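Visitor: Starting off with a structure, shown below.
The values are calculated or read from the model by the stated rules, or taken from the named source; none is laboratory data. Remember, predicted model here, so these are calculated numbers, not experimental data. Reconstructed Cβ throughout: ideal geometry from the backbone, glycine too, with neighbour counts over all protein chains shown.
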Amino acid sequence: MLAILNVNTPFFALVLCGYLAARYRLLPENSVPALNTFVLYFALPCMLFRFSSGTPFHQILNLPVFLAYMMTGLTVLAIFAAAIRFAAGEGVRESAFASLAAAWSNWGYMGIALIPALLGQAALAPLIAAGMADLLVVISAGLALASLEHRGNGGVGDALRGALLHVARNPLIWAVILGTGFSAFGFRLPVALEQLAQLLGQAAGPVALFTIGVSLYRPGTRVWRGDVLLISGAKLLFHPCLAALVALYVFHLPWLEARTLVLMAALPVAGTVFLFAERQGANAERIAASILVSTALAFVSFSALCWALGLRLPG
C-alpha cells in the first residue's frame with residue numbers, strides 16, 4: 001500500500017498545488033481558460049498523437065475495450081438519469097448533467113498521467129481506446145439527452161446534430177485519428193516537429209493536473225450536500241464496480257485491459273462537465289461541487305482500489 005501511495009500522492013499533490021495557488025491568489029482569476037487552452041489544444045493532443053503514431057494500429061483500435069467502456073458509461077448514464085428524473089423529479093437537462101458527471105471520468109487530464117505510472121506504458125493503448133468510447137459515444141449521448149428539454153418535435157435531430165458537432169470539434173479525437181493514420185502508413189514527423197511535439201507532450205501531465213486544482217477553487221460553492229455526495233459516490237464506487245463486471249464477465253478482457261478500465265472509471269468527475277452544464281443553463285454549482293468532492297475523496301478511494309486490484313509496485 002505504501003508503494004501505491006508513493007505513486008499516487010505526487011499526482012494528487014499537483015492538484016492540491018493548483019488549488020492552493022488559486023485559493024491564495026497566486027494566479028490571476030482568468031488563468032483557468034488560458035491553462036485549459038494550453039492543455040486541451042496543445043499539450044494533450046501532442047502527447048496523444050505521439051503515442052498513437054508510435055503504437056501498432058491494432059492496439060489503438062481495440063474494439064472489445066471500446067465496447068466495454070462504452071457499455072459501462074451508457075449504463076451509468078441511463079440508470080442515473082432515470083433515477084434522478086423519476087425518483088427525484090428533476091428535469092431532463094438536470095438529470096442528464098448529473099448522470100454525465102457520474103459517467104464521465106477525468107481520464108484526459110488525470111488518468112493519462114496517473115494510470116500508466118501504476119500499470120506501465122502498456123496501459124496507454126487500452127486507455128486511449130476506452131477514452132474514444134467516452135468522447136465519441138457516452139459524452140455525445142449525455143449532451144444529446146440534455147438537449148431534449150424544451151426542444152419540441154425537432155429535439156432528437158437537434159440533439160444529435162449538437163452531439164456530432166461536439167465530436168467534430170474535439171482536438172483529442174483528431175490527435176488520435178491523425179496518430180493512428182501515421183501508425184497505419186508508417187509516416188513520421190520531421191525531426192524539428194517531432195521535438196516540438198515531444199516538448200509539448202511532456203508538459204501535458206503536470207500542467208493538466210495543476211489546472212484541475214486551479215479550476216476546483218470556486219468560492220461560495222456549497223459542497224457537502226446530499227445530491228453532491230450521491231453523484232460523487234456513483235462516480236467513485238458504482239462506475240468502477242460496473243466497469244469491472246462488464247470488462248471481466250461480459251467481454252472477458254485480459255487483466256491489464258480490465259484493470260485499466262476499472263481505474264479509469266474510478267477517477268473523479270471530469271471538469272468539462274461543469275463547462276457544458278454552465279453553457280446550457282443547468283445546475284452548474286452542483287456539478288462544480290461534485291468535481292471538488294470526488295477529486296478530494298478519490299485520493300483515498302482510488303488508492304484503496306489500486307490495493308484491492310493487487311497492484312504490486314517497487315518500493
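Visitor: Using the structure shown, decide if residue 12 is of a type outside the set (A, V, I, L, M) and within 23 Å of residue 288 (Cα to Cα).
Guide: When the stated conditions are applied, residue 12 passes them.
Visitor: Select from region 217-235 the residues that are over 27 Å from residue 51 (Cβ atoms) and either free of Cβ contacts under 8 Å to residues at least 60 places away in the same chain or part of a helix (DSSP H, G or I) (or both) and list them in ascending order. Talk me through it step by step, then tell me what you get.
Guide: Initial filter on region 217-235 (over 27 Å from residue 51 (Cβ atoms)): 217-234.
The answer is 219, 220, 226, 227, 228, 229, 230, 231, 232, 233, 234.
Residue by residue, here is whether (1) under 17 Å from residue 15 (Cα atoms); (2) hydrophobic (A, V, I, L, M, F, W, C); (3) crowded, with 21+ Cβ neighbours inside 10 Å holds:
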residue	(1), (2), (3)
234	no, yes, yes
261	no, yes, yes
272	yes, no, no
276	no, yes, yes
290	yes, no, yes
297	yes, yes, no
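Visitor: Would you be able to say whether some residue in region 267-284 is within 27 Å of residue 61 (Cβ to Cβ) and at pLDDT 90 or above?
Guide: Scanning region 267-284, I find at least one residue that is within 27 Å of residue 61 (Cβ to Cβ) and at pLDDT 90 or above, so the answer is yes.
Condition check ((1) assigned to a helix (DSSP H, G or I); (2) of a type in the set (Val, Ile, Thr); (3) farther than 19 Å from residue 121 by Cα; (4) touching a Pro at 6+ places or on another chain (Cβ under 7 Å)) across all residues:
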{"residue": "252", "(1), (2), (3), (4)": "no, no, yes, no"}
{"residue": "258", "(1), (2), (3), (4)": "yes, no, no, no"}
{"residue": "263", "(1), (2), (3), (4)": "yes, no, no, no"}
{"residue": "274", "(1), (2), (3), (4)": "yes, no, yes, no"}
{"residue": "277", "(1), (2), (3), (4)": "yes, no, yes, no"}
{"residue": "286", "(1), (2), (3), (4)": "yes, no, yes, no"}
{"residue": "300", "(1), (2), (3), (4)": "yes, yes, yes, no"}
{"residue": "306", "(1), (2), (3), (4)": "yes, no, no, no"}
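Residue by residue, here is whether (1) crowded, with 20+ Cβ neighbours inside 10 Å; (2) modelled with pLDDT of 90 or more; (3) in contact with a helix residue (DSSP H, G or I) (Cβ under 6 Å, 6 or more places away or on another chain) holds:
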| position | (1), (2), (3) |
| --- | --- |
| 115 | yes, yes, yes |
| 123 | yes, yes, yes |
| 127 | yes, yes, yes |
| 144 | yes, no, yes |
| 151 | no, no, yes |
| 156 | no, no, no |
| 164 | no, no, no |
| 181 | no, yes, no |
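Visitor: Report the residue count in region 238-251 for those that are touching a residue at least 24 places away in the same chain (Cβ under 8 Å) and either closer than 10 Å to residue 267 by Cα or not aliphatic (A, V, I, L, M) (or both).
Guide: Count: 4.
Visitor: Identify all residues within region 17-71 that are of a type in the set (Ser, Thr, Tyr) and either buried (at least 22 other Cβ atoms within 10 Å of the Cβ) or closer than 27 Å to residue 197 by Cα (or both); write none if there are none.
Guide: Correct list: 31, 37, 41, 52, 53, 55, 69.
Visitor: Of the residues that make up region 91-103, is at least one at pLDDT 90 or above, surrounded by 22 or more Cβ atoms within 10 Å (Cβ to Cβ) and hydroxyl-bearing (Ser, Thr, Tyr)?
Guide: Yes, region 91-103 has at least one match.
Visitor: All but one of (1) part of a helix (DSSP H, G or I); (2) touching a residue at least 60 places away in the same chain (Cβ under 8 Å); (3) closer than 20 Å to residue 107 by Cβ hold for residue 6; state the number of the condition that does not hold.
Guide: Of everything listed in (1) part of a helix (DSSP H, G or I); (2) touching a residue at least 60 places away in the same chain (Cβ under 8 Å); (3) closer than 20 Å to residue 107 by Cβ, residue 6 misses just condition (3).
Visitor: For region 25-33, does any single residue satisfy the condition of being in a helix (DSSP H, G or I) and either in contact (Cβ under 8 Å) with a residue 40 or more places away in the chain or in contact with a Lys or Arg (Cβ under 6 Å, 6 or more places away or on another chain) (or both)?
Guide: Yes.
Visitor: In region 54-69, is there at least one residue being among the aliphatic types (A, V, I, L, M) and modelled with pLDDT under 90?
Guide: So far as region 54-69 goes, yes, one or more of its residues are among the aliphatic types (A, V, I, L, M) and modelled with pLDDT under 90.
Visitor: Here is a list: 308, 266, 284, 304. Which entry is among the small types (Gly, Ala, Ser) and buried (at least 20 other Cβ atoms within 10 Å of the Cβ)?
Guide: Details: 308 fails: buried (at least 20 other Cβ atoms within 10 Å of the Cβ); 284 fails: buried (at least 20 other Cβ atoms within 10 Å of the Cβ); 304 fails: buried (at least 20 other Cβ atoms within 10 Å of the Cβ).
The unique qualifying residue is 266.
Visitor: Go through the residues of region 192-211 one by one and say whether even a single one is modelled with pLDDT of 90 or more, within 20 Å of residue 95 (Cβ to Cβ) and either under 19 Å from the mean Cα position of the chain (by Cα) or buried (at least 17 other Cβ atoms within 10 Å of the Cβ) (or both).
Guide: no
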